[in-house]
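Right, one structure below, let's go through it.
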Amino acid sequence: MRGNAEAHELVAPGSLDAALDLLAGAPGQWTPIAGGTELMVAHAAGRLTAKRLMSLWGIPDLRFIETTPENIVIGACATFRDLRVSGAVGDDLPLLAKAASWIGSIANQSRATIGGNLVNGSPAADSSPALLVYDAEIELISVHGKRRVPYAEFHTGYKKTLLGNDELVHAIHLPRRFSKHRQYLRKVGTRRAMAISKVALAATALVEEGSVREIRLAAASLAAFPTRLYRAEDAICGQVVTAETIQAGRNALLAEVVPIDDIRSTADYRKCVAANLLEEFLVDLKTEGPQQ
Ligand SMILES: Cc1cc2nc3c(=O)[nH]c(=O)nc-3n(C[C@H](O)[C@H](O)[C@H](O)COP(=O)(O)OP(=O)(O)OC[C@H]3O[C@@H](n4cnc5c(N)ncnc54)[C@H](O)[C@@H]3O)c2cc1C
């Protein structure tokens, strides 16, 4: 049944400080709403339990993309369109630009924010695998100040995060040091657009003198939340990519992922496809050439 708009209070604090003051005055009482592409769907379906909504839309201190010599810093309310058209993101973080280009539709990308994607905490969130392999850090903010946590530690369970009830996600910090890494991102869904992933895999690897010196692997839809695949990384790091290395990587991945059966796919299919995606990336690592 459709939700009743009159059952909800909506305020627009207009500035970051005013938003933080509201949260501090009644911790846990206010639900931030950014692009609304998750919350308005819940409202339309009559599933929106939050009574007091606080709009973050239009707050300039939350919507920005800044570049420093070492980092790209993305405000939580940057939309996926902002990421798609950003030259800095396209140059330094091509996997994130690619993920932004396939989130929902063009209309959806103009509203959907990166902060909303992360806090919503879907196991299938499209920005997550890229952020994980780029070693993103999440900056949280409250009236008490800012704190930064590795994105790899931000999700603590299904739709659970480290976000405190008086905090907002302020920004995402991404190091600019992956230009020499081979990079890979592939999403497998029912169709090319407007589909939630059955499986997605992202990877960055530094190959020197034929050996894998560094590797980061991350997946969506293979666990209760998007995760790094540390065991598969350990099986591959330091090795020359041979058929044996590929098999060891596949075995390690299959041992660590815990996908579920749901309406979009089965656990067995997800495991099989994830191992094949890893193999696709590793086979390509054997060839010389630019990043993908
Ligand atoms: C038609 C359609 C297609 C979609 N396709 C995709 C897709 O392909 N891939 C994908 O990953 N997602 C998809 N989504 C889901 C959604 O668009 C994304 O998750 C989006 O990034 C959510 O951002 P938002 O700003 O709209 O979130 P909102 O709905 O505003 O908020 C979502 C959650 O985040 C919280 N929140 C938002 N901003 C902050 C902040 N700064 N600090 C603290 N909490 C915050 C809110 O309180 C809420 O809990 C789709 C949605 C629709 C409706």
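The values are calculated or read from the model by the stated rules, or taken from the named source; none is laboratory data. What you are looking at is a predicted structure, and each value in this text was computed from that prediction instead of being measured. When we count neighbours, we look across all protein chains shown, and the Cβ atoms used for this are built from the backbone with ideal geometry, even at glycine. To get the accessible areas, we keep the full protein, side chains included, count just its heavy atoms, and leave off ligands, DNA and RNA. Shrake-Rupley method; radii C 1.70, N 1.55, O 1.52, S 1.80 Å.
List every residue whose amide H lies under 5 Å from the amide H of Ile65, counting only residues 5 or more places away in sequence or on a different chain, with H placed 1.01 Å from N in the peptide plane.
Gly75
Normalised by the residues of the chain, what does the relative contact order come to in percent, with Cα pairs under 8 Å and at least six apart?
Normalised by residue count, the contact order of the chain is 15 percent.
Can you quote the Å³ per residue value for the convex hull of the Cα atoms in the range 32-144, rounded to an integer?
124 Å³
If one puts a single equal scatterer on every Cα of the range 236-288 and applies the Debye formula without solvent, what log₁₀ I(q)/I(0) results at q = 0.24, 0.32 Å⁻¹?
Each listed q corresponds, in turn, to -0.88, -1.25.
Report the Cα centroid-to-centroid distance between the range 61-90 and the range 1-41 in angstrom, as an integer.
Distance between centres, Cα-based: 24 Å.
Amide H of Ser55 versus every other amide H placed in the peptide plane: which residues, excluding those fewer than 5 positions away on the same chain, fall under 5 Å?
Val11, Ala12, Ile33
Restricting to Cα pairs below 8 Å that are 6+ residues apart, what does the relative contact order work out to for the range 135-292? Please round to a whole percent.
The value is 17 percent.
Which cross-chain or sequence-distant (5 or more) residues have an amide H under 5 Å from the amide H of Val240, H modelled 1.01 Å from N in plane?
Val212
Given a 1.4 Å probe and heavy atoms of the protein chains only, how would you sort Trp57, Trp102, largest accessible area at the top?
In descending accessible area the options line up as Trp57, Trp102.
Could you work out how far apart the two model spin labels at Ile260 and Glu209 are, taking each label as a point 7 Å from the Cα in the direction of the beta carbon, and quote it in nm?
4.7 nm
State, to one decimal in nm, how far the label point of Val11 lies from the label point of Asp91, with both points 7 Å from Cα in the Cβ direction.
My value for the distance between the label points is 4.2 nm.
In Å, what is the Rg of the alpha-carbon atoms in the range 189-292, and how long is Dmax?
Rg and Dmax of the range 189-292, Cα atoms, are 13.8, 45 Å.
Largest first and in whole Å, give the semi-axes of the chain's equivalent ellipsoid, each being the square root of 5 times a Cα gyration tensor eigenvalue.
Three semi-axes, in Å: 34, 21, 16.
Below 8 Å between Cα atoms, with a sequence gap of 6+, how large is the relative contact order for the range 1-87 in percent?
It comes to 32 percent, rounded to a whole number.
Might you report the magnitude of the Cβ-based charge dipole of the range 231-292 about its Cα centre, with Lys and Arg at +1 and Asp and Glu at -1, to the nearest 20 debye?
Dipole size: approximately 80 debye.
Under the Karplus relation 6.51 cos²θ - 1.76 cosθ + 1.60, θ = phi - 60°, what is the ordered set of whole-Hz ³J(HN,Hα) values for the range 196-207, x standing for Gly and Pro?
Karplus values, whole Hz, x for Gly and Pro: 6, 5, 7, 7, 9, 9, 10, 8, 10, 8, 10, 10.
Residue by residue through the range 115-120, which ³J(HN,Hα) values in whole Hz follow from phi under the Karplus form 6.51 cos²θ - 1.76 cosθ + 1.60 (θ = phi - 60°), with glycine and proline marked x?
Computed from phi, the couplings for the range 115-120 are x, x, 4, 6, 5, 4 Hz.
Tabulate in residue order the Karplus-calculated ³J(HN,Hα) for the range 63-71, using 6.51 cos²θ - 1.76 cosθ + 1.60 with θ = phi - 60°, rounded to whole Hz; enter x for Gly and Pro.
10, 7, 9, 10, 10, 10, x, 9, 9
With the alpha-carbon atoms as the only input, what is the per residue convex hull volume for the range 1-91 in Å³?
112 Å³
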